[in-house]
There are 2 protein chains.
Amino acid sequence: MSIASLTPTTRSVATQFDLSTGLAAGTASLRRPLSAMAGMYADAEAFAVAVAVEDVLSYEFYDMGVPSLETEIAYGTSVTYPGRVGDEYFMTKGHFHTRLEAAEIYLCLSGEGLMLMESPEGDVQVEEFRAGRSVYVPGRYAHRSINTSATEPLITFFAFPGDAGHDYGTIETKGFRKIVVERDGVPTLQDNPRWQS
Amino acid sequence: MSIASLTPTTRSVATQFDLSTGLAAGTASLRRPLSAMAGMYADAEAFAVAVAVEDVLSYEFYDMGVPSLETEIAYGTSVTYPGRVGDEYFMTKGHFHTRLEAAEIYLCLSGEGLMLMESPEGDVQVEEFRAGRSVYVPGRYAHRSINTSATEPLITFFAFPGDAGHDYGTIETKGFRKIVVERDGVPTLQDNPRWQS
């Protein structure tokens, strides 16, 4: 990621996203192969096997380079591909905002899944994604997209304050308190055995 | 519209929008019949006739009641219906943000049209809307959605800083410097004969 500008935008920008793939031709996405998720999945053995078999692309998203100012709106699409590591669904790393109070809005364009949200104090909230459903992530909540479909990518459009920033480190170090696994074919919220207080 | 809260959100909110209509069942939209657009169209006679024949719904959009704070994200969908007043396409009133510097992002979900943007100094920018195309409206630019299709609604999803606010008065009083009319079947940018400096 480039260093964000502090100069306000003065020109409009149009970007063509493909609503069926979530991708914008000619714009570089940030790609997260499964190997980039080391330590994030509960089943470390299943993770090692999965990466060894094929280090597939687990998700990708866009950073459109919007200035880091509270008057600007960072935005883009996020595509989480279908798959599992053991019983746990493919998901994004998830993050807090560096400006912790900054909220975020998601609109699900296609696919199905869950938004897992967690405050520093441990309050956990979960909302469903399906096509056309918006999910408002309140300020102070870390958030992670989880694809619960076995076949379809989960495609969302997101927008948040330009100065929000990303704090990935807290989740990389501690994890979320909860994970979502498939039990008898149903997405199920469980305590994360690897969570560190 | 209710008075916006200054208390940050603490709960997630999910809303189901119908991607084919742009509407959220059970959530009240703000509806703008053609009669609400008095003085906005260049051809006053055509406007009077059109309203007398049938005061159709020209556009509607949502105010989801997000707190008026820079850390929050106001969002919703906007649906501009197909139609014309004389040669001029159906459009939204358009507005500046009260916090003039606040930018806005739009994602076109379906239909086709234009985003007309204008700064207080008179710089005019125009971007095309079509399905999947995002348009970033820079801070300081008034913006108006224009539906150039003869048959399809123009449906967009929008997001802007929670504290941006709406200044409709400036456009209601002065208008935009430019209008978009159909000439030989093609959307064409022209000077607004009713614009007041």
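The values are calculated or read from the model by the stated rules, or taken from the named source; none is laboratory data. Treat the numbers as computed from the prediction; the structure is a model and nothing was measured. Cβ atoms come from the backbone with ideal geometry, glycine included; neighbour counts cover every protein chain shown.
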Of those in region A:188-197 that are part of a loop (DSSP other than H, G, I, E, B) and in contact (Cβ under 8 Å) with a residue 40 or more places away in the chain, the residue nearest to the chain's Cα centre (by Cα) is A:Asn192
Of the residues in region B:41-70, those that are in contact with a strand residue (DSSP E or B) (Cβ under 6 Å, 6 or more places away or on another chain), farther than 30 Å from B:Asp184 by Cβ and either surrounded by 18 or more Cβ atoms within 10 Å (Cβ to Cβ) or more than 14 Å from chain A (Cβ to nearest Cβ) (or both) come to B:Glu60, B:Phe61, B:Tyr62, B:Val66, B:Glu70
Practice prompt. Inspect all residues belonging to region A:83-97 and state whether any of them is of a type in the set (D, E, K, R) and under 24 Å from B:Leu100 (Cβ atoms).
Written response: no
Expected single match for in contact with a helix residue (DSSP H, G or I) (Cβ under 8 Å, 6 or more places away or on another chain), part of a loop (DSSP other than H, G, I, E, B) and either aliphatic (A, V, I, L, M) or closer than 24 Å to B:Val126 by Cα (or both) among A:Met64, A:Met40 is A:Met40
When B:Phe90 is run through (1) more than 30 Å from A:Ser20 (Cα to Cα); (2) among the aromatic types (Phe, Trp, Tyr); (3) more than 14 Å from chain A (Cβ to nearest Cβ), the failure sits at (1)
Taking A:Glu152, is it free of Cβ contacts under 8 Å to residues at least 24 places away in the same chain and more than 9 Å from every other protein chain (Cβ to nearest Cβ)? no
If we keep only residues of region B:169-187 that are surrounded by 13 or more Cβ atoms within 10 Å (Cβ to Cβ) and part of a strand (DSSP E or B), then the residue farthest from the chain's Cα centre (by Cα) is B:Glu182
If we keep only residues of region B:121-142 that are more than 9 Å from chain A (Cβ to nearest Cβ) and either among the aromatic types (Phe, Trp, Tyr) or in contact (Cβ under 8 Å) with a residue 40 or more places away in the chain (or both), then the residue surrounded by the most Cβ atoms within 10 Å (Cβ to Cβ) is B:Ala142
| Residue in region A:156-168 that is over 14 Å from the mean Cα position of the chain (by Cα), surrounded by fewer than 17 Cβ atoms within 10 Å (Cβ to Cβ) and either assigned to a loop (DSSP other than H, G, I, E, B) or facing chain B (nearest Cβ under 8 Å) (or both) present | no
The condition from (1) loosely packed, with under 13 Cβ neighbours inside 10 Å; (2) within 14 Å of chain A (Cβ to nearest Cβ) that B:Leu23 misses is numbered (1)
Self-check item: Residue check, B:Glu112 more than 14 Å from chain A (Cβ to nearest Cβ) and surrounded by fewer than 22 Cβ atoms within 10 Å (Cβ to Cβ)
Solution: no
Those residues of region A:1-37 which are over 27 Å from B:Ile155 (Cα atoms), touching a residue at least 24 places away in the same chain (Cβ under 8 Å), outside any loop (DSSP other than H, G, I, E, B) and polar (S, T, N, Q) amount to none
Scanning region A:80-96 residue by residue, those touching a strand residue (DSSP E or B) at 6+ places or on another chain (Cβ under 8 Å) and either free of Cβ contacts under 8 Å to residues at least 40 places away in the same chain or more than 22 Å from A:Tyr141 (Cβ to Cβ) (or both) turn out to be A:Tyr81, A:Pro82, A:Gly83, A:Arg84, A:Gly86, A:Asp87
Just to be sure before I move on: is B:Lys174 farther than 20 Å from B:Asp63 by Cα and among the basic types (Lys, Arg) in the structure I sent? yes
Of those in region B:109-129 that are aliphatic (A, V, I, L, M) and more than 23 Å from B:Ala50 (Cβ to Cβ), the residue farthest from the chain's Cα centre (by Cα) is B:Val124
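Each row is one residue, and each column tells you yes or no for (1) at pLDDT 95 or above; (2) more than 15 Å from B:Tyr75 (Cβ to Cβ); (3) over 11 Å from the mean Cα position of the chain (by Cα); (4) not small (Gly, Ala, Ser).
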| site | (1), (2), (3), (4) |
| --- | --- |
| A:Pro82 | yes, yes, yes, yes |
| A:Glu88 | yes, yes, yes, yes |
| A:Gly94 | yes, yes, no, no |
| A:Leu100 | yes, yes, yes, yes |
| A:Ala103 | yes, no, yes, no |
| A:Leu107 | yes, no, yes, yes |
